[in-house]
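Here's the structure, in structure tokens; my notes come after.
The values are calculated or read from the model by the stated rules, or taken from the named source; none is laboratory data. A quick note: this is a predicted structure, and the numbers were derived from the prediction, not measured. Methodologically, a virtual Cβ is constructed for each residue, glycine included, from the backbone with ideal geometry; neighbour enumeration extends over all protein chains shown.
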Ligand code: C2O
């Protein structure tokens, strides 16, 4: 077994974007952060040293962390933060996974600038289930604010108002030519005629799902969330925060007399204003030797769907299917031990006494699952669970169903106040779980990219309108559903997922729109140890940070 060592120094760095210089939190002074490369089966030891004034944790998004929950990273769920001057070694093995994932900070809004790709190659001598690409290119989408993002979210949480939207989207940290003074900050992809490229796309943006396209080129989706899929040919890819998508790009056989815009901009249906700008890169071909190199080629632009095209979003999501071959089987749980119906959406919470709040009628904007807005504990759930000290930290009475019934896609209930609590669901080891997630449409019908830590799940069904328990389950796909770690709960609709709780620990589930996580759209699963020796969570490492 190969062990790979990384050292991540968390340090401030001045970075200039959109004509302004700003001091941002980085890993090793790099933005975006360093790329982690491993092979399936490798062990990773990543030493994180915190040199900044903020508390920090890092999360290895989509890495299953089989019995290594202490290395998962969400603050106050699996660990206390790494404080200024302290360090922590994330120690885990990448088991049974290969593909594109990413790492990011998992505390407050630090992931605005603390993120980078994780590339997991197949085992040595194992090949891809698609033609070997000539080159592989990570493309990580982000979001840039001119102002300090920690100030933005802290102020929003104090006043109850919505936080300011970003000033730009970025591809590998670069906004591109459609923004002011950013022409030189443009992602460029140079290709050789006739060759095939694997684009490893990651959406690390804080608050926006993105449509992506390249002018005059068709893309073939071959993997989502580090799971191979049946190839899908498409002009446009939808990628939500927390999702990763590998596509093959076939360069035309002859160098065309044009270059091509690579563009991404939001898919958004919610009530909030959003950053409706476009980040762009440029695809260029190597020109033959006798070509006039100074000739400026015309730049062709791609067509993207309308920003609120929910039909496109639903159709795209439904097209994604597991390979489901003998070599890459889809292990969909057939029976269900525990069933849940979760409403996900926005709401309001009361204004603290002696304060004025900027939400509607002096309230604060909030978000919830089954009307519970998750309150952050002050020690990590996993520590409390492991040492049998849950009393006063969390309860295991998270509701399996919402406390009210209404037409989730129609008139909201008169009372849209949420309740607050640190409530989890306790699951026995190896329970097979089904969760139907319904967008409440309270305050606005909106797609919520729900992300589950510690597991991949199967997307067995999805639809618009209200989930119908008497009709919809009969149509569930138990043969080749997409297997992923993040799925959009459709705007004005529902999605059904299944997973096997075979990983003991405390596992976060939340909307990967960071503003919704901040407002409480999150909960936790506590998976108890099984009886066998390989079914228990080992004790924490000695350097696990203390609160
Ligand atoms: Cu990518 Cu809980 O996060």
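Computed quantities for the displayed model
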| read-out | value |
| --- | --- |
| Within the range 435-547, strands (runs of 3 or more DSSP E) holding 3 or more residues that are within 27 Å of residue 405 (Cβ to Cβ) | 448-452, 457-464, 486-489, 493-501, 505-511, 522-527 |
| Failed item, numbered, when residue 170 is tested on (1) crowded, with 24+ Cβ neighbours inside 10 Å; (2) in contact with a helix residue (DSSP H, G or I) (Cβ under 6 Å, 6 or more places away or on another chain) | (2) |
| Those residues of the range 38-48 which are crowded, with 16+ Cβ neighbours inside 10 Å and either within 16 Å of the ligand (Cβ to nearest atom) or on the phi < 0 side of the Ramachandran plot (or both), in sequence order | 38, 39, 40, 42, 43, 44, 46, 48 |
| Residue identified as outside the structural domain of residue 117 (by TED's automatic domain parsing) and within 20 Å of residue 117 (Cα to Cα) among 207, 180, 216, 164 | 207 |
| Complete set of residues in the range 19-32 that are in contact with a strand residue (DSSP E or B) (Cβ under 6 Å, 6 or more places away or on another chain) and at positive phi | 28, 29 |
| Selection from the range 437-451 of residues that are within 21 Å of the chain's Cα centre (by Cα) and surrounded by fewer than 22 Cβ atoms within 10 Å (Cβ to Cβ) | 445, 449 |
| Filter result for residue 62 (over 30 Å from residue 151 (Cβ atoms), buried (at least 21 other Cβ atoms within 10 Å of the Cβ) and within 15 Å of the ligand (Cβ to nearest atom)) | no |
| Residue check, residue 276 modelled with pLDDT under 95, exposed (fewer than 15 other Cβ atoms within 10 Å of the Cβ) and assigned by TED's automatic domain parsing to the domain that holds residue 160 | yes |
| Which listed residue is in contact with a strand residue (DSSP E or B) (Cβ under 6 Å, 6 or more places away or on another chain), surrounded by fewer than 17 Cβ atoms within 10 Å (Cβ to Cβ) and at pLDDT 95 or above, from 35, 16 | 35 |
| Count of the range 62-83 residues which are touching a strand residue (DSSP E or B) at 6+ places or on another chain (Cβ under 8 Å) and in a loop (DSSP other than H, G, I, E, B) | 13 |
| Residue in the range 499-517 that is within 14 Å of the ligand (Cβ to nearest atom), in contact with a strand residue (DSSP E or B) (Cβ under 9 Å, 6 or more places away or on another chain), in contact (Cβ under 8 Å) with a residue 24 or more places away in the chain and more than 30 Å from residue 465 (Cβ to Cβ) present | yes |
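Quick grid of which residues meet (1) free of Cβ contacts under 8 Å to residues at least 24 places away in the same chain; (2) within 20 Å of residue 205 (Cβ to Cβ); (3) assigned by TED's automatic domain parsing to the domain that holds residue 177:
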site	(1), (2), (3)
2	no, no, no
21	yes, no, no
26	no, yes, no
47	no, no, no
87	no, no, no
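So that you can scan it fast, the table gives a plain yes or no per residue for (1) under 20 Å from residue 492 (Cα atoms); (2) touching a residue at least 40 places away in the same chain (Cβ under 8 Å); (3) within 16 Å of the ligand (Cβ to nearest atom); (4) outside the structural domain of residue 228 (by TED's automatic domain parsing):
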residue: 420; (1), (2), (3), (4): no, yes, no, yes
residue: 436; (1), (2), (3), (4): yes, yes, no, yes
residue: 472; (1), (2), (3), (4): yes, no, no, yes
residue: 475; (1), (2), (3), (4): yes, no, no, yes
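Residues are listed down the side, and each one gets a yes or a no for (1) more than 16 Å from the ligand (Cβ to nearest atom); (2) surrounded by fewer than 22 Cβ atoms within 10 Å (Cβ to Cβ); (3) within 22 Å of the chain's Cα centre (by Cα); (4) free of Cβ contacts under 8 Å to residues at least 24 places away in the same chain:
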site	(1), (2), (3), (4)
232	yes, yes, yes, no
236	yes, yes, yes, no
239	no, no, yes, no
244	no, no, yes, no
249	yes, yes, no, no
257	yes, yes, no, no
260	yes, no, no, no
267	yes, no, yes, no
